1. Quick one: in segment B:43-100, which of the residues that are out of contact with any helix residue (DSSP H, G or I) (no Cβ under 7 Å at 6 or more places or on another chain) and not in a helix (DSSP H, G or I) is surrounded by the fewest Cβ atoms within 10 Å (Cβ to Cβ)?
2. Just checking, which of B:55, B:5, B:9 is modelled with pLDDT under 95 and assigned by TED's automatic domain parsing to the domain that holds residue B:185?
3. Mind listing just one residue for me: the one in segment B:139-159 that is assigned to a helix (DSSP H, G or I) and free of Cβ contacts under 8 Å to residues at least 12 places away in the same chain and, of those, farthest from the other protein chains (Cβ to nearest Cβ)?
4. Any idea which residue in segment A:65-103 is nearest to the other protein chains (Cβ to nearest Cβ), counting only those that are modelled with pLDDT under 90, surrounded by fewer than 18 Cβ atoms within 10 Å (Cβ to Cβ) and within 16 Å of residue A:202 (Cα to Cα)?
5. Considering only segment A:208-234, state which residues are modelled with pLDDT under 90 and not in a strand (DSSP E or B).
6. Could you check residue B:123 against (1) at pLDDT below 90; (2) within 14 Å of the chain's Cα centre (by Cα) and say which number it fails?
7. Hey, could you check segment A:104-126 for residues that are over 23 Å from the mean Cα position of the chain (by Cα) and part of a loop (DSSP other than H, G, I, E, B) and say which is farthest from the other protein chains (Cβ to nearest Cβ)?
8. Among the listed residues B:125, B:136, B:185, B:162, which satisfies the condition of being in a helix (DSSP H, G or I), within 14 Å of chain A (Cβ to nearest Cβ), in contact with a helix residue (DSSP H, G or I) (Cβ under 8 Å, 6 or more places away or on another chain) and in contact (Cβ under 8 Å) with a residue 60 or more places away in the chain?
């Protein structure tokens, strides 16, 4: 791995996240589905990781496991040295629909994590207001999420995480519902936030450019049951200007190629049979 | 302010329309059983002092009963809707009990609870209970799982989820159920009051009918309609306070 100027952010002797041979099997009455199988990965403190892979490769399940919303069938999930058994205060999960509550104002949405953790109402609001300022929507504190644009809702979801002083940011295709321009704008916001707050990040995305822009390492997953197929080092990431560089485009091409290869590998006719084991 | 004026104007237009149709029908039929609205309104003016205590009793009964029924129905519905295993048992039970017209229990209630306010209150509360229960349960079941997951990831307990997600999400549905059941509540009130006891607006109307005093009877009916409007407005008022985000 080449040493980049942002290397100092990533501390190798501090692990934000360790996944040890994590497996997850869903059981229903008719069949069992193996979502993940022997997934291992280590993310250093402050390191931004992007995960990319075919649809239904268990990326969402993976985030749910890390967030402590689900227990793995096999293996172990360790965040900051502690085995995850339930949701953890400083782990933030942002889902595709942002998980905002339409009946709470922007400010109360941003403060929700703190309120749930029994922080006093005034302190929670002050912290939330600060977080809104960080993401640039402090003028909309009294509005309801329904009155916000898609990009602003995304910012609000980020503010809710920032208010909790997150050290592990989990994101499930957070920008996929946005138009191209807003998406680029929000990618820059994510980049800035990560640089200022220095949280470790696991970003699940379908977009090759997004993965290369926002991942210091890019994890390519296999189809279900998901495991690590390849890890691409992307040390030059870390600034907005990277988008225009030749390295950026080379990395995108490389990643696209790997994705295509893995797709052609799995076009086998017995694809479905592999995914689910009939009982 | 403008919205309020529009609302008042709406009520005025609706009232005039109803009175006009009523007058036309009355003239067409030409039977004392359907007096002119002017006659009924005049009678209302004269009889209001007699009527007021009956109206007050009825309003108290229906308000108390609707509050109890809604509160119990919503809480039970939300718990059943959010607890899969409980729902397995409760749902079939609910579908067996829900279609039974609760009014058939009037004789039983009269025997058990006497002739006072209790039978009317219990009966109305039961009707409202089932209607809000079914609505609250369905609304709680259809809650977006992603929304619940997001809030759980913040470290929310079951109680937090109920308070911040389930209750506010289902509140609009519960108010709709409440509005729909207001009509049923007044109908049930009328029936119980007319069958037994000597208080309440239902008794007042049926008593006038027994004396073949049609103008008084219709005066009572107008008073009952006004009580219905008052109930709707109380519900709207509470909803506006509790569901601000829907405006």
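The values are calculated or read from the model by the stated rules, or taken from the named source; none is laboratory data. Just so it is clear, the structure is predicted and the values come from calculations on it, not from any experiment. Cβ: placed from backbone, ideal geometry, glycine included. Neighbour counts: every protein chain shown.
1. If we take residues in segment B:43-100 being out of contact with any helix residue (DSSP H, G or I) (no Cβ under 7 Å at 6 or more places or on another chain) and not in a helix (DSSP H, G or I), then B:99 is surrounded by the fewest Cβ atoms within 10 Å (Cβ to Cβ).
2. Of the residues listed, the single one that is modelled with pLDDT under 95 and assigned by TED's automatic domain parsing to the domain that holds residue B:185 is B:55.
3. Out of the qualifying residues, it is B:158.
4. So the residue we want is A:96.
5. Of everything in segment A:208-234, those that are modelled with pLDDT under 90 and not in a strand (DSSP E or B) turn out to be A:222, A:223, A:224, A:225, A:227.
6. (1)
7. Checked segment A:104-126; the qualifying residue farthest from the other protein chains (Cβ to nearest Cβ) is A:120.
8. B:162
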